[in-house]
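Notes to accompany the following structure.
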Amino acid sequence: MSIKLGVPSKGRLMEKTFDWFGARGVRLSRAGSDREYAGAVDGIDGVELVLLSAGEIPRELSAGRIHLGVTGTDLVREKLGGWEQKVEELAQLGFGHADLVIAVPAAWVDVDTLDDLDAVASAFRAQHGFRLRIATKYHRLVRDFLRDQGVADYQLVDSQGATEGTVKFETAEAVADITSSGDTLRANHLKVLSDGLVLQSQATLFRSRCAVLCDDSRAVLAKLLEQLSLD
Ligand SMILES: Nc1ncnc2c1ncn2[C@@H]1O[C@H](COP(=O)(O)OP(=O)(O)OP(=O)(O)O)[C@@H](O)[C@H]1O
Ligand SMILES: O=P(O)(O)OC[C@H]1O[C@H](OP(=O)(O)OP(=O)(O)O)[C@H](O)[C@@H]1O
């Protein structure tokens, strides 16, 4: 029996994950061309590499279809309600750092804090007859954060990409999205609220609490974690 390790199938996250495992003697690679989503593992027997969308890895972990998975903490917390019951964080990998933030138009010179946003939101509703729109793909995290911070008079609108563009295209008044360099926010004339940090994320190795392990698989997992110095 083998255990399944899910890794992002493309981009920086995939390459840096390969580097992280490689530095610990577990060599991960794509099996064929850049377009093929099959993987190979050298340096340990019984581990199968599964290349997946970063956004699907939380669901695969919680369904128990993969035993281990690398993805951002933001995606696990967003996609899995009660995530701590479903997965265990084994190691923060030290890359893929990004902040989930609330940002508003830079031209809103009087709006710097969540309190300011709350005041604007109430005035906006009175003036326009509908609630101020915040575009995001992080519905759970943003809703929970704004509830805890006492901001209520808003609505979330779904944006699965190019979220910073929604303000210019007038489908939202504010955004909640991941930022790392800040370039995308600046280029779209947006600014982060001073207390608008929802979550700091980085690439993390997770273990499924839902995957069933036979004795052989348990032994493979223990050997892998020992090789990664995580036992
Ligand atoms: N600019 C960035 N800098 C660093 N990390 C980022 C950046 N943008 C996104 N990330 C992180 O990368 C991870 C994957 O992001 P995202 O969901 O956008 O995946 P993707 O690249 O669109 O892949 P897929 O569509 O296959 O899921 C997330 O954990 C996110 O926090
Ligand atoms: O602060 P920065 O360094 O500019 O990075 C932030 C951007 O990176 C991510 O987008 P990505 O490139 O993954 O595309 P997406 O908008 O389609 O998610 C994120 O959604 C921001 O748009």
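The sole residue among Asp110, Asp118, Asp42 that is more than 26 Å from His139 (Cβ to Cβ) and either surrounded by 16 or more Cβ atoms within 10 Å (Cβ to Cβ) or not assigned by TED's automatic domain parsing to the domain that holds Arg209 (or both) is Asp110.
Select, from Arg30, Arg65, Arg35, Arg12, the only residue that is basic (Lys, Arg) and modelled with pLDDT of 95 or more. Only one candidate qualifies: Arg65. Does segment 146-153 contain any residue that is of a type outside the set (Gly, Ala, Ser) and either within 30 Å of Lys4 (Cα to Cα) or in the same structural domain as Lys10 (by TED's automatic domain parsing) (or both)? The answer is no, given that none of the residues of segment 146-153 is of a type outside the set (Gly, Ala, Ser) and either within 30 Å of Lys4 (Cα to Cα) or in the same structural domain as Lys10 (by TED's automatic domain parsing) (or both).
Those helices (runs of 4 or more DSSP H) of segment 62-170 in which 3 or more residues are more than 16 Å from ligand 1 (Cβ to nearest atom) and farther than 22 Å from Ser194 by Cα occupy 83-86, 114-128. Residues of segment 165-195 that are within 11 Å of ligand 2 (Cβ to nearest atom) and among the small types (Gly, Ala, Ser): Gly165, Ala176, Ser180, Ser181, Gly182, Ala187. Annotation: of all residues in segment 202-218 being aliphatic (A, V, I, L, M) and at pLDDT 95 or above, the one that is surrounded by the fewest Cβ atoms within 10 Å (Cβ to Cβ) is Leu205. Contact map, segment 11-40: first residue in contact (Cβ under 8 Å) with a residue 40 or more places away in the chain and of a type in the set (A, V, I, L, M), second residue part of a strand (DSSP E or B) and within 16 Å of ligand 1 (Cβ to nearest atom), Cβ cut-off under 9 Å, separation 6 or more or different chains; pairs are Leu13/Val7; Leu13/Val70; Leu13/Thr71; Leu13/Gly72; Leu13/Ala203. For the residues Ala40, Ala31, the requirement of being closer than 24 Å to Leu213 by Cβ and of a type in the set (A, V, I, L, M) singles out Ala40. Counting only residues that are in contact with a helix residue (DSSP H, G or I) (Cβ under 8 Å, 6 or more places away or on another chain) and within 7 Å of ligand 2 (Cβ to nearest atom), segment 152-164 holds 1 of them. Screening Glu84 with (1) closer than 20 Å to Ile178 by Cα; (2) not assigned by TED's automatic domain parsing to the domain that holds Ala187 gives one miss only, at (1). With the structure loaded, tell me whether Ser180 is under 18 Å from Val198 (Cβ atoms), in contact with a strand residue (DSSP E or B) (Cβ under 6 Å, 6 or more places away or on another chain), buried (at least 16 other Cβ atoms within 10 Å of the Cβ) and among the hydroxyl-bearing types (Ser, Thr, Tyr) or whether it fails that test. When the stated conditions are applied, Ser180 does not pass them.
The values are calculated or read from the model by the stated rules, or taken from the named source; none is laboratory data. Every value quoted in this text rests on a predicted model; they were computed, and no experiment measured them. Neighbour counts run over all protein chains shown; Cβ positions are idealised from the backbone, glycine included.
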